[in-house]
Structures are given as C-alpha cells and as structure tokens.
1. Of the residues 193, 176, 240, which is over 22 Å from residue 356 (Cα atoms) and touching a residue at least 40 places away in the same chain (Cβ under 8 Å)?
2. Quick one: in region 222-237, which of the residues that are on the phi < 0 side of the Ramachandran plot and free of Cβ contacts under 8 Å to residues at least 40 places away in the same chain is most open to solvent (accessible area, probe 1.4 Å)?
3. Which members of region 109-136 meet the condition of being among the hydrophobic types (A, V, I, L, M, F, W, C) and either within 21 Å of residue 217 (Cα to Cα) or assigned to a helix (DSSP H, G or I) (or both)?
4. Among the residues of region 94-102, is any among the acidic types (Asp, Glu) and closer than 20 Å to residue 183 by Cβ?
5. Any residue in region 362-370 that is modelled with pLDDT of 95 or more, open to solvent by less than 10 Å² (accessible area, probe 1.4 Å) and part of a strand (DSSP E or B)?
6. For region 152-186, give me the residue count where each residue is more than 22 Å from the chain's Cα centre (by Cα) and of a type in the set (Lys, Arg).
7. Just to verify a result, which residue in region 60-108, among those that are outside any loop (DSSP other than H, G, I, E, B) and acidic (Asp, Glu), is surrounded by the fewest Cβ atoms within 10 Å (Cβ to Cβ)?
Amino acid sequence: MPLTRHTITVALAIPSLAMGQSTMITIRAGTVLDGRGGIVRNTAIVVNGSRIARLDPAITRASYDLGKLTVMPGGIDTHVHLTSHFDANGRAHNDPGGAEPLEQTVLYTAENAYRALMVGITTVQSIGSTLDRDLRDAIARGTIPGPRVITSLDWITPEDGDAEGLRRAVRQRVAGGADVIKILGSKSIREGGGPTLGEEELRAACGEAKAHGRRAVVHAHAAEAARRAVLAGCTTIEHGVLLDDATLDLMAEHGTFFDPNLYLVFQNYFDNKAHFLGMENYTEEGFAHMQRAVPRVLEVFKHALQRPRLRVVFGTDAVAGAFGKQWEELIYRVQIGGQAPMAAIVSATSLAAQSLQLADTIGAIAPGLEADLIGMDGNPLEDITALRRGVFVMKGGRVVKNIALTTP
C-alpha cells in the first residue's frame, strides 16, 4: 500500500504466527542500503525460506510494499548484557542471582531481547551470563521472539588464576556452550580502567580461545591493557576510553576490531543513576569517573575514524534501561562523533558481521545471506534519525514487525 501519514495499522508477528508464512516472500523497496556501502533504488528483495534469493527490479507486485521506505540489513549490536534489568523494586540487576526468583530474571531477559528486536536489532552479542545460553537456544528454536544471540556466558577474569587457570576457564566456557570468550583485561572505568592481566596471561587465554575456534573479546580501557591484548592476538577491544594514538595504530596494523561505546551506556547510567547507585562499584566516585569518560571516549572515537584501516564496529554495552534504544548510539556517532552515515551503517551491519565471523551469514542484503531486514520511514543517509522510525522488521525470513501506513 502507498505510504501516507493518515492511519497507522500495527501488526506484530511473533515467531509462532510467522511460521505460517509462505516460503517465498517478495519485498518491494524504494531504496536499499545493502550494508556493504551499496545503494539500490526501486527493487524487490526475494526471500526464499530464511534467506535472500535475489534482488529483482522487475517485480512490481510484492508480498510487502515498502516502496516509500528505505530498507537495510538488520542491526548487529556486538556488545549487550541481556540479563541486566531493573527489578520489581526498581533496582538494577546485572547478573542472575540474589533475592530475585530466577523465573523473573528469565522474563526480564526475554523482554530485553524483544525490545531490541522490535527496533531492528536482529543479532546481539551478549557478554555475558550463563543465562544467555538458554535464551539463545529458545530464540533459535523459534519459540520466543528475539534477535539472534551470540554469548560468552561468564567472563574470564583474573580470579581464574595464572595462565593455566585462564586456559582451563576458557575450556570450561567452550564446554558450556560459549560462542565467544569475554576477558576482563582492565578494571571498570568506574575504578579507573587500569590493566588487570599481563600480556602472557592474555596470550594464554586468547590462544586457548583460538585453539577451540572461538574469538576473544577483551574489556580494555587503558592503552596498556589494549596493547597487551592486541599483541596477544585477541580479536576485539571493547570500550577503549583511555586509548592513545599509538594503540589505535597498533590495532589497525594487527587487524584488531574496535568496539567503542560512546554514548548510550553512559547516558543510560546517568538517566537511571538512582537505580544503580550503591550496587557494586556504582558509587558517586564511579559516576564521576563515567562523567569524565564521555568526552575522552568521544575523542578516541574521532581519532579512530582518522585511521581507515581500523575496523570500528557497532556495540552499545546495553544494560538495564537501554534495550530498544540501541540506535541512539549510532545517531550519536554520526551527529556528534562525525562519522559518515554510510560508514556508521556498515559498522552496524556487514562490518559487525565480520567481527563475529558471520559475514557469510548475516550483515548484508545479498543472495544467500539470512533475510534480516528492516524498513524505515526516511533515509538514514540523509537523516540518521530515520533509524528511530523503523516500521518493518524481518529476521531470518520471518516478519516480526509490520506497521503499515495506509489511507483511511
């Protein structure tokens, strides 16, 4: 139907209903951003089962007419914490356990996943909690709606011991079903962000991960912590508030992915300070550290953009209160950080897929890839805030959100 601004009809298709859709689906799109930097006008995307079969401009009658919309691949958020939530008393919970019944934690976790999916985040990397595994598997079975989940389970920390202890911990995570290994290479920024593991320890942990076919992402704020992780052969640096130019150059040289978290995580903490304050290291001093971190990481991001070879991906570090708001991070990167809109979109699609070693499965609109698609009212290349106006979401060939704007 033609897009107007009169009547809005909302149809939300949960997976159990969407399974009844025909195998072949066609989606007419006014503009397609393919996730790899390409633009196609006035074409149809043909979906066969869960995958994209082809793009065909000759098709004019389609299952879904998004001819007035911009269509791009579903977003990939490479850093979330699905179990983090506000409980019935409004207090933040970052991990399962404590006084809250586990069944409540499970429901809050599923709610976070649903919120992410409804704004067009079709894949998340949750790093991490053991509870992620069961949610990942339930979503993969199609029993509940949510983005594709990749999880590290619990983190690897200095408490796991020496080099051999770290290797043993990695093997335990792999045996437990971890898709990726998350390593605490520095303290929290609320504690100053200093290094926690030496290069040899990181080499042991990241090497063991690689030996088992797993990527290793390292929480690292301090430049020295990131430097050690890069030299140890780890895959991705997370956060990086205190990185310097030399470390950014080293990361670019080694092909290390960089996942800075500039805005959403901090703004969410500030907006919800009362819910977090007094828990773990969420102290007044910790919040002061985070306030100082905001301009610092923005400058790091701007310096990172000056290095074309540095692979900067999209991750939000979403915790309680942030799910469903992930696109605000990308909007900030463009409006405040100065990133080109197309580069920002690529960072959240095909480049993010590369960082997850899933470039042959997700992250682009191309034949053979999973049909993860989002349609929005507006073109984010012209107005990045169009990402807020998502009206259509398809994940793996199933329509999970469809807001049809029709005439009365």
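1. On the way: 176 fails: over 22 Å from residue 356 (Cα atoms); 240 fails: over 22 Å from residue 356 (Cα atoms).
Result of the check over 193, 176, 240: 193.
2. The initial filter retains those residues of region 222-237 that are on the phi < 0 side of the Ramachandran plot, namely 222-232, 234-237.
Okay, now just the ones that are also free of Cβ contacts under 8 Å to residues at least 40 places away in the same chain, so 222-224, 227, 230-232, 237.
Working: 222: 15, 223: 20, 224: 65, 227: 83, 230: 4, 231: 55, 232: 12, 237: 1 Å².
Filtering first and then ranking leaves 227.
3. So the first thing to find is which residues in region 109-136 are among the hydrophobic types (A, V, I, L, M, F, W, C), and the list is 110, 113, 116-119, 121, 124, 127, 131, 135.
Of everything in region 109-136, those that are among the hydrophobic types (A, V, I, L, M, F, W, C) and either within 21 Å of residue 217 (Cα to Cα) or assigned to a helix (DSSP H, G or I) (or both) turn out to be 110, 113, 116, 117, 118, 121, 124, 127, 131, 135.
4. Within region 94-102, the subset among the acidic types (Asp, Glu) is 95, 100.
Now restrict to residues that are closer than 20 Å to residue 183 by Cβ: 95.
The answer is yes; a qualifying residue exists.
5. No, that holds for no residue.
6. 3
7. As a first pass, look at region 60-108 and keep what is outside any loop (DSSP other than H, G, I, E, B): 64-73, 75-80, 85-86, 92-93, 102-108.
Those still in the list that are acidic (Asp, Glu) too: 65, 77, 103.
Numbers: 65: 19, 77: 28, 103: 8.
Only one residue fits best here, namely 103.
Residue by residue, here is whether (1) buried (at least 24 other Cβ atoms within 10 Å of the Cβ); (2) more than 26 Å from residue 224 (Cα to Cα) holds:
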| site | (1), (2) |
| --- | --- |
| 110 | no, yes |
| 125 | yes, no |
| 168 | no, no |
| 178 | yes, yes |
| 186 | yes, no |
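The values are calculated or read from the model by the stated rules, or taken from the named source; none is laboratory data. All figures in this text were calculated on a predicted structure; none of them were measured in a lab. Glycine also receives a Cβ, built like all others from the backbone with ideal geometry; neighbour counts cover every protein chain displayed. For accessibility, only protein heavy atoms count, side chains too; no ligands or nucleic acids. Shrake-Rupley method; radii C 1.70, N 1.55, O 1.52, S 1.80 Å.
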